[in-house]
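Engineer: I have a structure here, written as C-alpha cells, and I will follow up with some questions on it.
The values are calculated or read from the model by the stated rules, or taken from the named source; none is laboratory data. Because the structure is predicted, anything quoted here is derived from the model rather than measured. Cβ placement follows ideal geometry from the backbone for every residue including glycine, while neighbour counts extend to all protein chains displayed. Note: accessible area is taken over every heavy atom of the protein model, side chains too, but ligands, DNA and RNA are not part of it. Shrake-Rupley method; radii C 1.70, N 1.55, O 1.52, S 1.80 Å.
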Amino acid sequence: MIKITVITITYNAEAVFARTAESVLKQSYPHVEHLIIDGASGDKTLSMAYAYKMRSDEQQNGHEVLLTSEPDEGIYDAMNKGLKQATGDYLVFMNAGDCFHDELVLQRIADMATGDPMPAVIYGDTDVVDEEGRFLYHRRLSPPKILTWRSFRHGMLVCHQAFYARADIAGSIPYDRRYRYSADVDWCIRVMKEAEKRRLPLKNAEAVVADYLEEGQTTLHHRDSLKERFDVMRRHYGLFSTVIMHIWFVFRRFL
C-alpha cells in the first residue's frame, strides 16, 4: 500500500494548529505518517500536538504521528528536517493553518499513485480560506491539465500544499535556504526538472485537494517574496524570459 507522509511545520502556532491536526485526523486513508516539526514553540502548540497524537493513537486509524521540537533556522530549515525524516512513498507539506479540502483527499492521491513507473508528482487545485476555515475564493492560479517545470514561468500554478512529490525524489532535493519566502517555488521546479530527467509522469488530480490559509508568510512579506520569486525564475528560465513574463503579470492584474 502507498504510504503518504504529511509534514507540518509549527512555531507558536496555537491559533491555527488545531484545524490542521483535525484535518489530518479525519482523513479516511489509513497509511499516513504525520511528521510535526516544531521550532521549540513557547506557546501551547506542543501540548496541543501531544494531545492530537494521543487522539490519533486512540482512534487506531492507521496514522502514525511523530513529533519533534527543537530550535531551527527558519521554516525551510525545518522543512529540510522533514524531508530527512519522511519514510512514506509520497510526501506533502501541510503547515499549521492549512488543511485538506475534504476527508477523501489522501485516498484520491493514493489511488492515483499507480503505474510503472509511479508518477513523480501528483498535483491538484486549491481553495483559499480564512482562519475559521470559511471559503473565501478559489485560488486564481490553477494547475494546467499537463504540468511541466516550464509551466511555472507563468507563476506558481500549483500551490505547495497541493503538490505531492515522490519521496525518493523529494528527499534528494533540499530546500535552498538562501531564500526566506520563495524556496518552495524553487523546490517544486527542481523536483519537476528531476522528474523530466528521469522521464517520470506528473499527474493532475483534477480536484481541489487543499485549503490554503490566506495570511501565509508569503502574503505577509509580499514585496520580499516577489523579489525572491524573480530571482528563482531568472535562475531557471533566464533573465529575458523572466522580464517578459513579469511585464505580462503587471498587465494581467488589470484584465
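Engineer: Through the Karplus equation 6.51 cos²θ - 1.76 cosθ + 1.60, θ set to phi - 60°, convert the phi angles of region 155-164 into ³J(HN,Hα) values in whole Hz; use x for Gly and Pro.
Structural biologist: x, 7, 5, 10, 5, 3, 6, 10, 10, 9
Engineer: Test of the criteria: in region 60-161, which trypsin sites (Lys or Arg not before Pro) are in a DSSP loop and have at most 15 other Cβ atoms within 10 angstrom of their Cβ? All intermediate terms of the calculation are to be shown ahead of the outcome.
Structural biologist: Working: sites: Lys81, Lys84, Arg108, Arg134, Arg139, Arg140, Lys145, Arg150, Arg153; in loops: Arg134, Arg139, Arg140, Lys145.
Loop-located and lightly packed - Arg134, Arg140, Lys145.
Engineer: Could I ask something else about it? Considering only protein heavy atoms, with the full assembly of protein chains and a 1.4 angstrom probe, order Glu132, Glu194, Glu64 by accessible area, largest first.
Structural biologist: On the way: Glu132 135, Glu194 45, Glu64 85 Å².
These residues rank, largest area first, as Glu132, Glu64, Glu194.
Engineer: Here's another thing I want to ask about it. With 21 Å as the limit, write out which pairs from Lys3/Lys84; Lys84/Lys203; Lys3/Lys53; Lys53/Lys203; Lys26/Lys53 have Cα-Cα distances beyond it, or answer none. Don't skip to the end; give the middle numbers.
Structural biologist: Details: Lys3/Lys84 16 Å; Lys84/Lys203 24 Å; Lys3/Lys53 18 Å; Lys53/Lys203 32 Å; Lys26/Lys53 13 Å.
Violating the 21 Å Cα-Cα cut-off are Lys84/Lys203; Lys53/Lys203.
Engineer: 5 Å is the cut-off here: which amide hydrogens, built 1.01 Å from N in the peptide plane, fall below it relative to Lys3, excluding neighbours closer than 5 in sequence?
Structural biologist: Asp89, Tyr90
Engineer: For region 48-77, which chymotrypsin sites (Phe, Trp or Tyr not before Pro) are in a loop by DSSP, counting at most 16 other Cβ atoms within 10 Å?
Structural biologist: Working: sites: Tyr50, Tyr52, Tyr76; in loops: none.
Sites meeting the loop and neighbour criteria: none at all.
Engineer: Further question on the same structure: Summing -39500 (n - 2.57) over the DSSP H runs of n ≥ 4 in the chain and dividing by its residue number, what mean residue ellipticity at 222 nm do you reach, to the nearest 500 deg cm²/dmol?
Structural biologist: Taking each H run of at least 4 residues, the total per residue is -11500 deg cm²/dmol.
Engineer: Length gain on complete extension for the stretch Ile2 to Arg150, per 0.36 nm per residue less the alpha carbon to alpha carbon distance? All intermediate terms of the calculation are to be shown ahead of the outcome.
Structural biologist: Values: separation 148, 0.36 × 148 = 53.28 nm, distance 2.83 nm.
50.4 nm is the gain from fully extending Ile2 to Arg150.
Engineer: Go through Leu202, Leu226, Leu66, Leu106 and list them by solvent-accessible area, largest first, probe radius 1.4 Å. Walk me through the intermediate numbers first.
Structural biologist: Working: Leu202 40, Leu226 90, Leu66 65, Leu106 0 Å².
I get Leu226, Leu66, Leu202, Leu106, largest accessible area first.
Engineer: Something else about it: Let me know the shape class of the chain, please: from the alpha-carbon gyration tensor, a ≥ b ≥ c as square roots of the eigenvalues, rounded when a/c is under 1.5, otherwise prolate if a/b is greater than b/c, or oblate. Let's see the in-between values first.
Structural biologist: Working: a/c = 1.60, a/b = 1.33, b/c = 1.20.
Since a/c reaches 1.5 and a/b is larger than b/c, the shape of the chain is classed as prolate.
Engineer: Taking a probe of 1.4 angstrom, what is the accessible area of Asp98 in Å², to the nearest 10?
Structural biologist: Rounded to the nearest 10, the figure is 10 Å².
Engineer: While we're here: With a 1.4 Å probe and all protein chains kept in place, how do Asp111, Asp130 rank by accessible area, largest first?
Structural biologist: Details: Asp111 95, Asp130 30 Å².
My answer, sorted largest first, is Asp111, Asp130.
Engineer: Just grab the label-to-label distance for Ala40 and Ser241, each label 7 Å out from Cα along the Cβ direction, in nm (one decimal).
Structural biologist: For the pair Ala40/Ser241, the computed spacing is 4.2 nm.
Engineer: If you average the alpha carbon positions of region 56-103 and of region 136-201, how far apart do those two centres end up, in angstrom?
Structural biologist: 18 Å
Engineer: Right, here's the next one. 5 Å is the cut-off here: which amide hydrogens, built 1.01 Å from N in the peptide plane, fall below it relative to Glu64, excluding neighbours closer than 5 in sequence?
Structural biologist: When sequence neighbours closer than 5 places are left aside, the close amide H contacts are Val32, Glu33, His34.
Engineer: Keeping all protein chains in the complex and leaving out DNA, RNA and ligands, what accessible area do you get for Glu58 with a 1.4 Å probe, in Å² to the nearest 10?
Structural biologist: 130 Å²
Engineer: HN-Hα J couplings of region 228-235 from phi, Karplus 6.51/-1.76/1.60, θ = phi - 60°, integer Hz, Gly and Pro as x?
Structural biologist: Karplus-based 3J(HN,Hα) across region 228-235 equals 5, 5, 4, 5, 4, 5, 4, 5 Hz.
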